[in-house]
Amino acid sequence: MGKFTITEIRLYRVSVPLKTHFSTHLQTVTNRESIFVEMVDSDGEIGLGECVAFSSPWYTEETVQTCWDALVNWLIPALVDKEFAHPSEVSAEFSHVKGNRMAKACLDQASWDLFAIKKGLPLWKLLGGVRREIDAGVVLTGGIDDRMVSAVRAARDAGYKRVKLKFDVDTKPLKLKNLVDSTEDMLFFGDANGIFDKLGLDALKKFDQAGLALIEQPFGDDEWRMHWKAVQCMKTPIALDESIRSVQDVKRMATSGAGSVVVLKPGRIGGTTESLKVLEVANANGLDLWIGGMIEFGISKAHNLALASLPQFSLPGDFSASDHFWHEDPVEPTVVIENGVINLSERPGIGVKLNKELVEKYLIDSY
């Protein structure tokens, strides 16, 4: 029981407006384009995946269109009519396709959902998860002004235990420190998205007294030496996000001393199978871990929540309620926050299904 033969893989390309624009110094996102995957086996069971690439290559070189092309032309044909004993075998069928990790990830994740459904187990239990309740964390963008203060207080009142603030060129260390100091019972992360490539190491060092639990990706994704320099002269832990594209990057992080915290984004590095390898390497090298978000919908979030149940994760991830980003998230049930946590489902697999009415509403292409 558990073996599965993939007979069909269906794709739904959607574009959904955000409730409010999401701005960083890199890009402003107003609509989120994505690809939902239905992986169907010979018994008619369906596993779900979600591609987290963006519409243009501002974040990674992959886009929704490049992923669509890779899925339709190379990756899906490699899987159809194949039998698998375990989802970890799926990625081996992609050896003829270089890179394209985001495209591969949504198929890998769909196979894990399918396998867990076949086993009759929630995915988080299948993975060996130890926690049923996952701490909620939210990402906020914009300057440190009255609007931001109100947003942080609203997040606290909604039960969020961690807030991640995006740096921009106008972020002031003292204003940030005042916000952190004035907000009790809240963990603060700072996310730079590489902005200190422009501002420099001296500017970064001024944030060492701001009271942040960590600073994420101060420099560009290939700036390993600059991150090492930051570690040497700062007390605030340095986390790497965009620099982590594979398990090899985690090994490099451990050996180079370029940071102490891994921001794991399963949909960017190849899926659940690759994520489990990252956990093993990070744990063996004493690196802290948390899961980062990609302005994703409920399918990707459900996969990430299942992983977050594992004991290797030591910090709250980017886990907000569906209504933080969306008026309508095309899944059911949607993600809700109760008393600062998200309760994991006891339903088999990731525990969510596509809301076909909403998928149809926002559909722009299908396969």
Legend entry - Subset of segment 18-40 that is exposed (fewer than 15 other Cβ atoms within 10 Å of the Cβ) and either hydrophobic (A, V, I, L, M, F, W, C) or over 19 Å from the mean Cα position of the chain (by Cα) (or both) - its residue that is nearest to ASP197 (Cα to Cα): LEU26
Legend entry - Of the criteria (1) aliphatic (A, V, I, L, M); (2) free of Cβ contacts under 8 Å to residues at least 60 places away in the same chain; (3) not in a loop (DSSP other than H, G, I, E, B), which one ALA258 fails: (3)
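Regarding segment 132-146, can at least one residue be identified that is part of a helix (DSSP H, G or I), over 28 Å from ALA254 (Cα atoms) and either assigned by TED's automatic domain parsing to the domain that holds LEU344 or at pLDDT 90 or above (or both)? I'd like the intermediate steps shown before the answer.
Within segment 132-146, the subset part of a helix (DSSP H, G or I) is 146.
This time we only want the ones that are over 28 Å from ALA254 (Cα atoms), so: 146.
In the following step, the residues that additionally are either assigned by TED's automatic domain parsing to the domain that holds LEU344 or at pLDDT 90 or above (or both) were identified as 146.
Checked against the condition, which is being part of a helix (DSSP H, G or I), over 28 Å from ALA254 (Cα atoms) and either assigned by TED's automatic domain parsing to the domain that holds LEU344 or at pLDDT 90 or above (or both), segment 132-146 yields at least one hit.
Free of Cβ contacts under 8 Å to residues at least 40 places away in the same chain, among the hydrophobic types (A, V, I, L, M, F, W, C) and more than 19 Å from HIS303 (Cα to Cα), is that true of LEU140?
Values: free of Cβ contacts under 8 Å to residues at least 40 places away in the same chain: yes; among the hydrophobic types (A, V, I, L, M, F, W, C): yes; more than 19 Å from HIS303 (Cα to Cα): yes.
It is true that LEU140 is free of Cβ contacts under 8 Å to residues at least 40 places away in the same chain, among the hydrophobic types (A, V, I, L, M, F, W, C) and more than 19 Å from HIS303 (Cα to Cα).
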Legend entry - Evaluation of SER95 against (1) of a type in the set (S, T, N, Q); (2) crowded, with 24+ Cβ neighbours inside 10 Å; (3) at pLDDT below 95 (one fails), failing number: (2)
Inset, instruction - Taking LEU71 as meeting all but one of (1) part of a loop (DSSP other than H, G, I, E, B); (2) in contact with a Cys (Cβ under 8 Å, 6 or more places away or on another chain), write down the number of the exception. - result: (1)
Inset, instruction - Test SER150 against the stated conditions and say whether it is free of Cβ contacts under 8 Å to residues at least 12 places away in the same chain and out of contact with any Pro (no Cβ under 9 Å at 6 or more places or on another chain). - result: yes
Legend entry - Close pairs from segment 232-254: first assigned to a helix (DSSP H, G or I) and modelled with pLDDT of 95 or more, partner of a type in the set (Lys, Arg) and surrounded by fewer than 20 Cβ atoms within 10 Å (Cβ to Cβ), Cβ under 6 Å, at least 6 apart: VAL247/LYS277
Legend entry - Top-ranked residue of segment 308-341 - restricted to ones that are touching a helix residue (DSSP H, G or I) at 6+ places or on another chain (Cβ under 6 Å) and farther than 19 Å from TYR12 by Cβ, ranked as surrounded by the fewest Cβ atoms within 10 Å (Cβ to Cβ): GLN312
Inset, instruction - Among the candidates VAL352, VAL336, VAL341, single out the residue that is more than 30 Å from ALA213 (Cα to Cα) and of a type in the set (A, V, I, L, M). - result: VAL352
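Take the residues in segment 191-206 that are without any contact (Cβ under 8 Å) to a residue 40 or more places away in the chain and either crowded, with 19+ Cβ neighbours inside 10 Å or of a type in the set (S, T, N, Q) (or both), then tell me which one is farthest from VAL149 (Cα to Cα). Explain how you work it out, then say what you get.
Narrowing segment 191-206 to residues without any contact (Cβ under 8 Å) to a residue 40 or more places away in the chain: 192, 196-206.
Of the ones still in play, those that are also either crowded, with 19+ Cβ neighbours inside 10 Å or of a type in the set (S, T, N, Q) (or both) are 192, 196, 204.
Details: ALA192: 19, PHE196: 24, LEU204: 22 Å.
So the residue we want is PHE196.
Being aromatic (Phe, Trp, Tyr) and touching a Phe, Trp or Tyr at 6+ places or on another chain (Cβ under 6 Å) is true for just one of PHE54, PHE36, PHE22. Which residue is that?
Values: PHE54 fails: touching a Phe, Trp or Tyr at 6+ places or on another chain (Cβ under 6 Å); PHE22 fails: touching a Phe, Trp or Tyr at 6+ places or on another chain (Cβ under 6 Å).
Criteria check complete, one pass: PHE36.
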Legend entry - ALA306, sole failed condition from (1) touching a His at 6+ places or on another chain (Cβ under 7 Å); (2) under 25 Å from GLU33 (Cα atoms); (3) among the aliphatic types (A, V, I, L, M): (1)
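Name the single residue that is nearest to GLY143 (Cα to Cα) among those in segment 172-195 being of a type in the set (Lys, Arg) and not in a loop (DSSP other than H, G, I, E, B).
Within segment 172-195, the subset of a type in the set (Lys, Arg) is 172, 175, 177.
If we keep only those that are not in a loop (DSSP other than H, G, I, E, B) as well, we get 175, 177.
Details: LYS175: 10, LYS177: 13 Å.
Here the answer is LYS175.
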Legend entry - The lone exception for PRO57 - which of (1) free of Cβ contacts under 8 Å to residues at least 12 places away in the same chain; (2) in a strand (DSSP E or B); (3) in contact with a Ser or Thr (Cβ under 8 Å, 6 or more places away or on another chain); (4) of a type outside the set (Gly, Ala, Ser) it fails: (2)
Legend entry - Condition broken by ASP135, with the remaining ones in (1) buried (at least 17 other Cβ atoms within 10 Å of the Cβ); (2) touching a strand residue (DSSP E or B) at 6+ places or on another chain (Cβ under 8 Å); (3) acidic (Asp, Glu); (4) farther than 30 Å from LYS177 by Cβ satisfied: (4)
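Return yes or no: is GLY159 in contact (Cβ under 8 Å) with a residue 24 or more places away in the chain, outside any strand (DSSP E or B) and over 14 Å from LEU187 (Cα atoms)? If you could, list the steps in order and put the result at the bottom.
Details: in contact (Cβ under 8 Å) with a residue 24 or more places away in the chain: yes; outside any strand (DSSP E or B): yes; over 14 Å from LEU187 (Cα atoms): no.
Judged against the criteria, GLY159 is not a match.
Of all residues in segment 13-46, which are over 30 Å from LYS166 (Cβ atoms) and assigned to a strand (DSSP E or B)? Even if it seems obvious, please write down each step before you answer.
Here is the first cut: in segment 13-46, the residues over 30 Å from LYS166 (Cβ atoms) are 38-46.
GLU38, MET39, VAL40, ASP41, ILE46, listed by residue number.
The values are calculated or read from the model by the stated rules, or taken from the named source; none is laboratory data. Being a predicted model, the structure only gives us computed values, none of them experimental. Counting neighbours? That spans all protein chains shown, and the Cβs are built from the backbone with ideal geometry, glycine included.
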